[in-house]
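K.L.:
Following this message is one structure expressed as structure tokens.
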Number of protein chains: 2
Amino acid sequence: MSTKNKILDAAESLFADKGFNGTSLREITSQAEVNLAAVNYHFGSKKELIKAVMSRYMNELSPRLESALTQICEKESPSLIEVFSAFIDPLLSLNEFKVNGTSNFLQLLGRGYTDSQGFLRWFLTTQYPGVIDNFIIAVQKAYPELSAEEMFWRLHFTMGTVVFTMSSSDALIDIAMSDFERELQISDVIRNVIPYVAAGVGAPMPVAPKS
Amino acid sequence: MSTKNKILDAAESLFADKGFNGTSLREITSQAEVNLAAVNYHFGSKKELIKAVMSRYMNELSPRLESALTQICEKESPSLIEVFSAFIDPLLSLNEFKVNGTSNFLQLLGRGYTDSQGFLRWFLTTQYPGVIDNFIIAVQKAYPELSAEEMFWRLHFTMGTVVFTMSSSDALIDIAMSDFERELQISDVIRNVIPYVAAGVGAPMPVAPKS
DNA sequence: AAGCAGTTTAAACAAGCGTTTAAAATAACG
DNA sequence: CGTTATTTTAAACGCTTGTTTAAACTGCTT
């Protein structure tokens with residue numbers, strides 16, 4: 001395994017656990033068993049390392065996600081459940097690409113939205129605009145009556161639900177397993193969250209109260 | 001204004017903006033125009049300062065929230081919309097208690113859940129258990145068919161939606177105002193999120209797929 | 001074998017962090 | 001007024017951070 005990949009792997013799991021700001025380069029290089037200076041040699045800076053960690057996932061995920069959503073759009077009248085279910089297979093495919101792939105990626109996504117004052121949000125929306133565009137088109141096709149403004153808010157709510165849930169999924173799964181005494185995996189959480197967000201996005205348009 | 005309160009005010013707005021870990025004591029004392037050592041003199045440590053900032057809000061909010069939820073529970077068959085709407089007045093009352101009260105508090109709540117590895121989650125659930133208990137009872141009364149396990153997940157999804165949305169509410173409001181060319185406030189976001197979470201929690205029980 | 005590009009290494013750098021100290025300033029009380 | 005208490009202050013503490021440096025080492029080509 002190359003030094004570069006050892007760093008990426010260590011950084012990924014530590015970032016997911018403790019956040020970007022909460023993880024030092026010394027922790028990363030120590031867990032990766034490489035020299036401290038290797039990060040700046042191979043990546044230039046910590047910020048570039050963060051981008052590299054995210055890119056490794058996004059380059060794998062983004063084409064699968066785009067094609068799955070495009071496929072949904074070709075249907076006559078897709079349901080919201082179908083739209084959101086389009087995420088399942090691409091996300092779970094990350095588990096084959098890397099151990100703990102789904103979990104780590106979604107945790108990282110959550111970190112990126114709250115750490116570092118939205119620089120990762122900028123990174124994703126500018127580097128991978130196709131995903132969010134396709135997603136909006138699919139939702140529009142499934143629920144054409146939804147106004148642009150309601151759509152805006154509900155998609156952000158959905159993002160919040162998923163990102164927050166997955167960033168603490170390990171803890172939630174532990175609690176749920178001991179409370180309800182049955183085996184649970186990340187895929188069960190995904191299956192649970194889909195009816196929730198689909199119903200949320202599909203909620204009837206409220207009667208506008210003039211502010 | 002006392003030194004203690006100057007520190008609390010400065011810490012509050014900086015914590016909301018940049019997170020707990022992302023804000024240094026030097027930034028706080030500089031904005032508060034007090035000496036650096038004043039934090040450790042009046043609060044003992046940075047961790048205690050964080051608790052003090054949160055307590056100032058929770059002591060104001062918690063009794064109002066509990067009584068609003070209790071009131072809902074007394075109804076014959078409350079709707080989920082009613083349950084979630086019970087949060088509006090207590091939350092908006094924070095704006096009279098302090099300028100930007102709602103916004104800052106909900107942002108802080110979001111920070112606390114992602115920063116600092118859940119120490120604030122511990123703080124809230126142990127120090128203010130009445131709020132979450134009353135909330136669960138109200139939801140149970142509004143949707144008795146919901147199984148305990150579904151309830152568990154959907155309440156966490158809801159927590160994620162609200163906390164995540166509010167922690168980035170300023171950025172979202174800015175985007176929405178420029179995109180849709182109209183004035184928006186934090187209260188509009190709250191009014192928007194309620195139909196979403198109510199529909200999410202109220203989603204029909206899925207037909208259990210044996211894992 | 002010599003030279004060279006690519007990589008790794010230990011050491012140091014300046015800057016920022018939370019916290020502590022002891023002296024100076026202020027307030028409170030007999 | 002004089003004497004305690006309380007609060008504020010400047011300075012330093014030890015430690016961690018991301019980054020840089022220059023020397024050592026590696027594997028490959030000529």
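The values are calculated or read from the model by the stated rules, or taken from the named source; none is laboratory data. Computed from a predicted model, the values in this text were never measured in an experiment. Backbone-built Cβ (ideal geometry, glycine too); neighbour counts: all protein chains shown. These area figures cover heavy atoms from the full protein model, side chains too; ligands, DNA and RNA do not enter into them. Shrake-Rupley method; radii C 1.70, N 1.55, O 1.52, S 1.80 Å.
K.L.:
From B:Glu145, B:Glu181, grab the single residue that is at positive phi, over 16 Å from the mean Cα position of the chain (by Cα) and more than 8 Å from chain A (Cβ to nearest Cβ). Step through it out loud before you land on a result.
P.N.:
Details: B:Glu145 fails: at positive phi.
Result of the check over B:Glu145, B:Glu181: B:Glu181.
K.L.:
For residues in region A:152-166 being within 7 Å of chain B (Cβ to nearest Cβ) and more than 20 Å from A:Gln140 (Cα to Cα), which is modelled with the highest pLDDT? Explain how you work it out, then say what you get.
P.N.:
Here is the first cut: in region A:152-166, the ones within 7 Å of chain B (Cβ to nearest Cβ) are A:152-154, A:156-157, A:160-161, A:163-165.
Keeping just the survivors that are more than 20 Å from A:Gln140 (Cα to Cα) gives A:163-165.
On the way: A:Val163: 81, A:Phe164: 81, A:Thr165: 85.
Ranking the candidates gives A:Thr165 first.
K.L.:
So, one more: Can you tell me which residue among B:Thr126, B:Thr102, B:Thr161 is under 13 Å from the mean Cα position of the chain (by Cα) and either without any contact (Cβ under 8 Å) to a residue 40 or more places away in the chain or on the phi > 0 side of the Ramachandran plot (or both)?
P.N.:
Numbers: B:Thr126 fails: under 13 Å from the mean Cα position of the chain (by Cα); B:Thr102 fails: either without any contact (Cβ under 8 Å) to a residue 40 or more places away in the chain or on the phi > 0 side of the Ramachandran plot (or both).
None of the others qualify; the one that does is B:Thr161.
K.L.:
Separate question: Give the residue, chosen from A:Lys75, A:Lys18, A:Lys4, that is over 23 Å from A:Leu106 (Cα atoms) and open to solvent by 30 Å² or more (accessible area, probe 1.4 Å). First the steps, then the outcome.
P.N.:
Details: A:Lys18 fails: over 23 Å from A:Leu106 (Cα atoms); A:Lys4 fails: over 23 Å from A:Leu106 (Cα atoms).
Exactly one of A:Lys75, A:Lys18, A:Lys4 is over 23 Å from A:Leu106 (Cα atoms) and open to solvent by 30 Å² or more (accessible area, probe 1.4 Å), namely A:Lys75.
K.L.:
Can B:Glu27 be described as within 16 Å of DNA strand D (Cβ to nearest atom), at positive phi and either more than 23 Å from the chain's Cα centre (by Cα) or open to solvent by less than 20 Å² (accessible area, probe 1.4 Å) (or both)? Show your work before the answer.
P.N.:
Values: within 16 Å of DNA strand D (Cβ to nearest atom): yes; at positive phi: no; either more than 23 Å from the chain's Cα centre (by Cα) or open to solvent by less than 20 Å² (accessible area, probe 1.4 Å) (or both): yes.
Criteria not met by B:Glu27.
The rows are residues; the columns are (1) open to solvent by less than 40 Å² (accessible area, probe 1.4 Å); (2) closer than 19 Å to B:Ser168 by Cα.
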residue: A:Arg121; (1), (2): no, yes
residue: A:Ile132; (1), (2): no, yes
residue: A:Ile137; (1), (2): no, no
residue: A:Leu146; (1), (2): yes, no
residue: A:Glu150; (1), (2): yes, yes
residue: A:Ile194; (1), (2): yes, no
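K.L.:
Report the residue count in region A:35-57 for those that are within 15 Å of DNA strand C (Cβ to nearest atom) and within 19 Å of the chain's Cα centre (by Cα). So that I can check it myself, show each step before the final result.
P.N.:
First, pick out the residues of region A:35-57 that are within 15 Å of DNA strand C (Cβ to nearest atom): A:35-46, A:49, A:52.
After this cut, where a residue has to be within 19 Å of the chain's Cα centre (by Cα) as well, the list is A:49, A:52.
Summing the residues that are within 15 Å of DNA strand C (Cβ to nearest atom) and within 19 Å of the chain's Cα centre (by Cα) in region A:35-57 gives 2.
K.L.:
When residues of region B:6-24 are filtered for being within 13 Å of DNA strand D (Cβ to nearest atom) and within 14 Å of chain A (Cβ to nearest Cβ), how many remain?
P.N.:
Summing the residues that are within 13 Å of DNA strand D (Cβ to nearest atom) and within 14 Å of chain A (Cβ to nearest Cβ) in region B:6-24 gives 3.
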